[in-house]
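Some notes on the structure that comes next.
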Amino acid sequence: MARVLISMPEDFLSKIDQVADDEKRSRSELIREALRTYIYKQKVRQSTTSARNAEILESLLE
C-alpha cells in the first residue's frame, strides 16, 4: 500500500483521531473511508448532472 503525507491543522487532526478512537478504527482507515465516500458522491453528482443535461438536450431536439 502506498503512503501519502498530508498537512492539516492540529485541531482537525484531533477531531479525526477522536472519531477514529470512538469507532475503534485507525486514523488511516477512517480517512480512507471518508475519501471513498467523497469519490462515490462525486460520481453520483456527475451521473446526475449528465442525466439532467441529456434530458435538456432531448427536450431541445423535440
Reported set for the stretch 22-37 where residues are within 8 Å of the chain's Cα centre (by Cα), within 16 Å of I6 (Cβ to Cβ) and of a type in the set (V, I, T) is none
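For the stretch 1-46, how many residues are part of a loop (DSSP other than H, G, I, E, B) and either touching a residue at least 40 places away in the same chain (Cβ under 8 Å) or among the charged types (D, E, K, R) (or both)?
Summing the residues that are part of a loop (DSSP other than H, G, I, E, B) and either touching a residue at least 40 places away in the same chain (Cβ under 8 Å) or among the charged types (D, E, K, R) (or both) in the stretch 1-46 gives 4.
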Note: among E23, E62, just one is surrounded by 10 or more Cβ atoms within 10 Å (Cβ to Cβ) and among the acidic types (D, E), namely E23
Residue hits (the stretch 6-47; β-branched (V, I, T) and at pLDDT below 90) are V44
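The values are calculated or read from the model by the stated rules, or taken from the named source; none is laboratory data. From a predicted model like this one, the values you see are computed outputs, not experimental measurements. Ideal geometry is used to build each Cβ from the backbone, glycine not excepted, and the neighbour counts take in all protein chains shown.
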